[in-house]
Amino acid sequence: MIASKHLCALAGIVFFFLPATAWADSCTGTPKDAAMELPSPLNKWGRIICTPYGHVIASREHWIWTPPGTYSPVFIPSQMVRENPERVGNASYFSKIDMRRISGDEYEEAYKAFHAALAPDKVKPDGYRLDLTSVSKRKLGLYFFDYGTSAWGIWCTTKCEPTSVFMLLDMDHRPKTPPK
């Protein structure tokens, strides 16, 4: 399993050491079998960025993805490595991106892990499961809880890790129903 703290560390490597101009037109040469579109509602919060370290799913403009109480960016790299990403450019990408709405036991299990350190909400948000596969055949799973102008994510490849919760905040709107 890839722990979120390791992916957050990778976020620092990629985003703090690359100038914004490094991403301009960097998707040129992406293989035809690369998944380049995000399903709804992920496309509301995120986007695919092509970097010298491969494709990443990161926050959309005017959105911030960060663990509570930090200023660390969160993003999902297609290399899915814990540290020392290689400069592979478009050779690392997502070959499959699936997102589906969840309910029943699956929802309750993920929601319980998400709220392990938070009080439950009066009204439960919509829940979604994101399944990613990279060109290297590595897989990663996350759950998202959509509150409208905000959302929360939790890493759940083999088991949901309550310490991996992160917020997705729309900087243009005040959250309608912030979690308690």
How about the stretch 91-170: which trypsin sites (Lys or Arg not before Pro) there are in a DSSP loop, with at most 12 other Cβ atoms within 10 Å of their Cβ?
-> K122, K137, K159
Structure shown: which of K32/K137; K122/K159; K96/K137 lie over 19 Å apart, alpha-carbon to alpha-carbon?
-> K122/K159
Set the Förster distance to 25 Å, then compute FRET efficiency between D105 and D131 from the Cβ-Cβ distance, nearest 0.05.
-> 0.90
Pulled fully out, how much extra length does the chain show between A117 and K159, if you take 0.36 nm times their separation in residues and subtract their Cα-Cα distance?
-> 13.5 nm
Hey, for a label at K32 modelled as a point 7 Å past Cα toward Cβ, could you say which residues of the stretch 109-146 have their backbone N under 19 Å away?
-> 135
Within the accessible area of the stretch 107-180 (1.4 Å probe), percent carbon and sulfur | 56
Ratio of the stretch 49-124's C-alpha Rg to 2.2 N^0.38 Å, to two decimals?
-> 1.41
Mind checking the dipole of the stretch 35-180: about its Cα centre, +1 per Lys or Arg Cβ, -1 per Asp or Glu Cβ, Debye to the nearest 20?
-> 40
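The values are calculated or read from the model by the stated rules, or taken from the named source; none is laboratory data. All figures in this text were calculated on a predicted structure; none of them were measured in a lab. For neighbour counting, all protein chains shown are included, and Cβ atoms are generated from backbone atoms with ideal geometry for every residue, glycine included. We work out accessible area using only protein heavy atoms, side chains counted, and drop any ligands, DNA or RNA first. Shrake-Rupley method; radii C 1.70, N 1.55, O 1.52, S 1.80 Å.
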